[in-house]
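Have a look at the structure below before the remarks.
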Amino acid sequence: MDARPAATTLHPGTNCRAGRHPDRIVFDIPSRVAANRIENSAARARAPRMPPVSAKFSLRFQPPCILADQAFSLRQKDSIMDKPAQHHRLIILGSGPAGYTAAVYAARANLNPVLIAGLAQGGQLMTTTDVDNWPADAMGVQGPELMERFQQHAERFNTQIISDHIHTARLQQKPFLLVGDAGSYTCDALIIATGASAQYLGLPSEQDFMGRGVSGCATCDGFFYRGQDVAVVGGGNTAVEEALYLSNIAKHVTLVHRRDTFRAERIMVDHLMKRVQEGRITLQLNSTLDEVLGDASGVTGMRVKLAQNGEKKDIPLSGVFIAIGHKPNTDIFAGQLEMINGYIQTHGGSQGNATATSISGVFAAGDVQDRIYRQAVTSAATGCMAALDADKYLATLGKV
């Protein structure tokens, strides 16, 4: 991610506005998605869409907690569930690379897919400024611009896009039932592409410098810190992996961990200690990140707090990578689909039906089922696979 100034506080209900910095655009999540439901192509043409973002613009991630005031009462939810559900052959949940790619392939197969965009429309790429690893974009592309192109591609093949947030899923019945803030839906086949969210510490300074030196993905953004000093915060597999990865790119890596032992796999810790001996990584153990330091140009350092005596120490650097794990967005499917640590389990393999889940007719694509790779291109690939798998499944029902 590139360096950008902090934005002003977000207020639900606004689609797009400039913050106090003229070189920045901030997207807000709509406060009432019902008004934005898209029922047909004519409505799609009138509906607000993600505006193209030029190279000088960036997005700032806003945590889902800002939507707390949008919670529907149980009475309102019951009222929605009492209304007749809209039925579709195929519904895709999620509007990231996996969801939109699934929509393109499903639409080309004449499945007339419906994509329900969710709250964080556009997925994690909406928080990424420079995307330099998307194939065929030799000069790089802005994350929001790329997602706009994904959306346009899906719409070109008449994918019906609905702006709604699904809060209830009943997958033990056929057809499957989904209940959202704006309505209820049933479908014969379902592709889950709701993604995963990087976990952050919750420091105000961490959010202030998000996309301006603070990142949750070394594989995505490490390239921009070539030859610079950076830090990784965490002590598990994710943190050690990212520290090792960055040690091949950055000038020096400081790994901050609140304990004196690591939770990562032993072989990974062995690799880490080798890099420490080589002087490429420094361990800052029994310490926590207290504050991210910076100015209008971006991150200039970090302040760590020592657990033993509470002493604080400033370390100059250019980037801070928070690596305390990811949380897949699968809460509404808990107890219905087989999962491991929240990640939906799929069949996998090379014999077809690789994206199938433990429930026939339900498929999963993207980060929601991938705790290893978590790249836009791999998400898009599994979105394609899920659409092809859903097509074959619907054919067995005689509904293609």
Requested in this report: Beyond 26 Å between alpha-carbons counts as too far, so tell me which of Lys274/Lys312; Lys251/Lys312; Lys251/Lys305 fall in that bin.
Outcome: Lys274/Lys312
Requested in this report: Would you please give the FRET efficiency between His167 and Thr261, computed as 1/(1 + (r/R0)^6) with r the Cβ-Cβ distance and R0 = 41 Å, to the nearest 0.05?
Outcome: 0.55
Query raised in the report: Fewest to most neighbouring Cβ within 10 Å: what's the order for Phe176, Phe150?
Result: Phe176, Phe150
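Note down the relative contact order for segment 268-374 as a percent, whole number, built from C-alpha pairs under 8 angstrom at least six residues apart. Walk me through the numbers on the way to the answer.
On the way: 133 pairs, mean separation 14.5, N = 107.
The value is 14 percent.
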Query raised in the report: For the pair Thr282 and Val377, what calculated FRET efficiency results from E = 1/(1 + (r/R0)^6), where r is the Cβ-Cβ distance and R0 = 25 Å, to the nearest 0.05?
Result: 0.15
Requested in this report: Note the full-extension length gain between Ala85 and Asn110 as 0.36 nm times their separation in residues minus their Cα-Cα distance, in nm to one decimal.
Outcome: 6.8 nm
Report summary line: Between Val269 and Ile249, the two model label points (7 Å from Cα along the beta-carbon direction) sit apart by a distance in nm of 2.6
**Report entry** FRET efficiency estimate (nearest 0.05) - Cβ-Cβ, Ile340 to Asn158, R0 41 angstrom
**Finding:** 0.65
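Taken together, the values in this text are just the output of simple stated rules run on the coordinates, not laboratory data. Just so it is clear, the model here is predicted, and its values are computed rather than measured. Quick reminder, even Gly has a Cβ in these numbers, built from the backbone with ideal geometry, and neighbours come from all protein chains shown.
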